[in-house]
Amino acid sequence: MDHCIDSILHGRGDIEIIIVNDGSTKDDTAAKADEWAERHPDVIKVIHQENKGHGGAVMAGLRAATGVYFKVVDSDDWLDPVALNLMLSKLRHFIHSGSPVDLVIANYVYEHTNSGTQKVIRYRRMMPQNRVFTWNEMGIPSPGQNILMHSAIFRTQVLRDSGVELPEHTFYVDNIFVYVPLPSVSTLYYLPVNLYRYFIGREDQSVNESVQVGRLDQQMRVTDIMIEAHKLPEGAGNRHLAGYMEQYLGLIMAASSMFALLEGTEKGLRMRREMWEHVDRVDPLLKGRLGLRQPLVLAANLPGPLGRKISLSLYRLAQRIYKFS
């Protein structure tokens, strides 16, 4: 946490850091948070609350935020100081122009601390660089190139107007955070700097495969919320936005299918069937589009015992290529 906060403090001026102590009792998080606030009372404020999980912590920060823009930084991650100041300069420009952009995107970096390797996620072929654009100019993302919480900086009011609510005591809500507000986004900007450094390597980390499999019920809960949110509200129709949201939902459903297979019991297979039944109830045409048009969804849902083995083999191959866990 010290490293995380120190990295954000390298941003010169106009920043507000909200530390949410989400009921930590097994370490000195509460004391450390208060010490930081005492040292930087004009910049840092602390929220102490009973444990509500990642979603509850993010929502507490959003409710307390006073800045024009809002970014979530997990306590074991950090921001690159040079990239941060470039980003802050751009955000100030948007604010002073009187037309602040709704969603600003930057690269993020998987920091694999055990192997000492890095994987940079860029958006160069997916979206224009260094200028304001709309959904009409959004390209098709390649696998691993979706806009995630690590890459996104939302205008605070956009998040609030979208009505996004993250469930408490649930992991993987970062997908809801960047998915539900998308229909409220009209303008975007991509600044191609490696801003967010995403720590990978702790055994109990939420993206560790065994942890994800053990939390299959929470993954499915997030997937269900995204299935309900995939349809654009009236007046927000845009085929590029709709296409992106459908592709993103397909990716999450493919991941949910794989974790259900990795779980290795009838319970996992039942949860996978229930996920597809949910899609069918919400939008039968969507079920067909996801299953036939998206290679990742198709590969993760091959029928029969042999199909499940092939799906797992393809997942392992993608894991080696994209280093996502």
When the range 263-281 is checked residue by residue, the ones that are modelled with pLDDT of 90 or more and open to solvent by 40 Å² or more (accessible area, probe 1.4 Å) are Glu263, Thr265, Glu266, Lys267, Arg270, Arg273, Glu274, Glu277, Asp280, Arg281
Per the list (1) open to solvent by 20 Å² or more (accessible area, probe 1.4 Å); (2) touching a helix residue (DSSP H, G or I) at 6+ places or on another chain (Cβ under 6 Å), residue check on Gly11 breaks on (1)
Could you check, for the range 136-153, whether at least one of its residues is touching a strand residue (DSSP E or B) at 6+ places or on another chain (Cβ under 6 Å), at pLDDT 90 or above and open to solvent by 30 Å² or more (accessible area, probe 1.4 Å)?
-> no
Run down Lys71, Lys32, Lys26 and say which single residue is touching a residue at least 60 places away in the same chain (Cβ under 8 Å) and within 29 Å of His112 (Cβ to Cβ).
-> Lys71
One residue from Val109, Val104, Val164, Val158 being assigned to a loop (DSSP other than H, G, I, E, B), in the same structural domain as Glu50 (by the TED database) and of a type in the set (A, V, I, L, M, F, W, C) = Val164
Filter result for Tyr196 (at pLDDT 95 or above and either touching an Asp or Glu at 6+ places or on another chain (Cβ under 8 Å) or within 28 Å of Asp76 (Cβ to Cβ) (or both)) = yes
From the list Tyr123, Tyr69, Tyr110, pick out the single residue that is among the aromatic types (Phe, Trp, Tyr), modelled with pLDDT under 95, open to solvent by less than 70 Å² (accessible area, probe 1.4 Å) and touching a Ser or Thr at 6+ places or on another chain (Cβ under 9 Å).
-> Tyr110
In the range 294-309, anything touching a helix residue (DSSP H, G or I) at 6+ places or on another chain (Cβ under 8 Å) and either open to solvent by less than 80 Å² (accessible area, probe 1.4 Å) or charged (D, E, K, R) (or both) is listed as Gln294, Leu296, Val297, Ala299, Ala300, Asn301, Leu302, Arg308
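The values are calculated or read from the model by the stated rules, or taken from the named source; none is laboratory data. Source: prediction; values computed, not measured. Cβ atoms come from the backbone with ideal geometry, glycine included; neighbour counts cover every protein chain shown. Accessible surface areas use protein heavy atoms only, side chains included; no ligands, DNA or RNA. Shrake-Rupley method; radii C 1.70, N 1.55, O 1.52, S 1.80 Å.
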